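Here the structure comes first, spelled out in structure tokens, and everything after it is commentary.
The values are calculated or read from the model by the stated rules, or taken from the named source; none is laboratory data. Computed from a predicted model, the values in this text were never measured in an experiment. Methodologically, a virtual Cβ is constructed for each residue, glycine included, from the backbone with ideal geometry; neighbour enumeration extends over all protein chains shown. The area values use the complete protein model at the heavy-atom level, side chains included, leaving out ligands, DNA and RNA. Shrake-Rupley method; radii C 1.70, N 1.55, O 1.52, S 1.80 Å.
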Amino acid sequence: MNFLSLLAIALAPGIAIALYVYLKDKHEREPISLLLMSFLYGALSTLVTLLISWPVHANFVFEEGNAVDQFINAFFGVALVEEFSKFIFVRFILYRNKNFNEPFDGIVYALMVSMGFATLENVLYTFNYGFETGILRMFTAVPAHATFGILMGYFLGKAKFDHKNEGLLAFTALMIATLFHGAYDYFWFISYIPGIWIGAILSLVVGVWLSIKAIGLHQKISPFSKTDNNQEN
């Protein structure tokens, strides 16, 4: 398999999912330049992950065959670290941007950051482990990261326009992404137990279902949907 083929396989799922969500933003789409910057923030968040996770894994040893150790590793050593790394770019940079002007934008920006992270990770995995890994991750890990981003973005979108509960909703955004990420990873981490990997697929399916619901809910409450309807009438 040549370089370009592997690169295409690694890039395709993240770009396809990002385009899908972009097209779902029917009423007031975000500037392409800002979306590309969000994608780059996601790639940059992998460095934040390394900076945080290095001392964690240097000081704590998680035994591979120990289900309790792998639970801690999945939820705290990996999921919380990675989701926090993405969260800080959405919450403290993109959240403040003037273009973040409706709840759906939370989904768009968090998804773009998540896809930037997942795409860089996917490139590394695909080039290290080959074509089969790229195909497997196309239908598992990358969509999973998309659901983590959409669920985080759903609550950040609510937080932006609910000042009374802003802090609680922002915290919920981080926690819900961490919860689904941790559950997904945990079942893979203990896949030495026969059949347990099905739990990862089920968590992904639930995450996709909730993500579709979240997209629909924020589409319905878009303040720009009323403007579009008035213009049509």
**OP:** Could you run the Karplus curve 6.51 cos²θ - 1.76 cosθ + 1.60 with θ = phi - 60° over segment 81-88 and give me ³J(HN,Hα) per residue in whole Hz, x for Gly and Pro?
**Re:** 5, 5, 5, 5, 4, 6, 4, 5
**OP:** Considering only protein heavy atoms, with the full assembly of protein chains and a 1.4 angstrom probe, order Arg96, Arg137 by accessible area, largest first.
**Re:** Arg96, Arg137
Original post:
At q = 0.19, 0.26 Å⁻¹, what log₁₀ I(q)/I(0) does a Debye calculation on the Cα points of segment 1-56 give, no solvent, two decimals?
Top reply: -0.86, -1.02
Original post:
When the helices in the chain are scored as -39500 (n - 2.57) per DSSP H run of 4 or longer and the sum is shared across all residues, what 222 nm value do you end up with, to the nearest 500 deg cm²/dmol?
Top reply: -26500 deg cm²/dmol
**OP:** Express in Å², to the nearest 10, the accessible area of Ser33 obtained by rolling a 1.4 Å probe over the protein heavy atoms while all chains stay in place.
**Re:** 90
Original post:
Given that just one value was derived from the coordinates, which of (1) 44; (2) 63; (3) 48 is percent of Cα pairs over 23 Å apart?
Top reply: (3)
**OP:** Would you mind getting me the FRET efficiency between Asp162 and Trp197? Use the beta-carbon distance for r and R0 = 35 Å, nearest 0.05.
**Re:** 0.35
Original post:
Can you give the accessible area of Met112, probe radius 1.4 Å, in Å² rounded to 10?
Top reply: 10
Original post:
In straight Cα distance, which lysines are under 18 Å from Lys213, not counting same-chain residues fewer than 8 positions off?
Top reply: Lys24, Lys26, Lys158
**OP:** Taking all pairs of distinct Cα atoms, average 1/r, flip it, and tell me the Kirkwood hydrodynamic radius of segment 117-157 in Å to one decimal place.
**Re:** 10.8
Original post:
Along segment 108-125, what does the Karplus equation 6.51 cos²θ - 1.76 cosθ + 1.60 (θ = phi - 60°) give for ³J(HN,Hα), rounded to whole Hz, x for Gly and Pro?
Top reply: 4, 5, 5, 5, 5, 4, 4, 6, x, 4, 5, 5, 4, 4, 5, 4, 5, 5
Original post:
Ignoring ligands, DNA and RNA, what percent of the 1.4 Å accessible area of the chain is carbon and sulfur?
Top reply: 69
Original post:
When you count, for each residue, the other Cβ atoms within 10 Å and take the mean per peptide, how do 151-159, 67-75 rank with the highest first?
Top reply: 151-159, 67-75
**OP:** Enter the Cα centre distance for the pair segment 54-81 and segment 143-158, rounded to the nearest angstrom.
**Re:** 23
**OP:** For the chain, with a Gaussian network of springs between Cα atoms less than 10 Å apart, report the residue from Ile135, Ile15, Ile193 with the top mean-square fluctuation.
**Re:** Ile193
Original post:
On average, how much accessible surface per residue is there in segment 75-133, in Å², for a 1.4 Å probe, leaving out ligands, DNA and RNA?
Top reply: 36
**OP:** Can you list which of the GluC sites (Glu not before Pro) found in segment 9-86 are DSSP loop residues with at most 15 other C-beta atoms within 10 Å?
**Re:** Glu63, Glu64
Subject >> Accessible surface of His145 - all protein chains present, 1.4 Å probe, nearest 10 Å² >> reply: 10
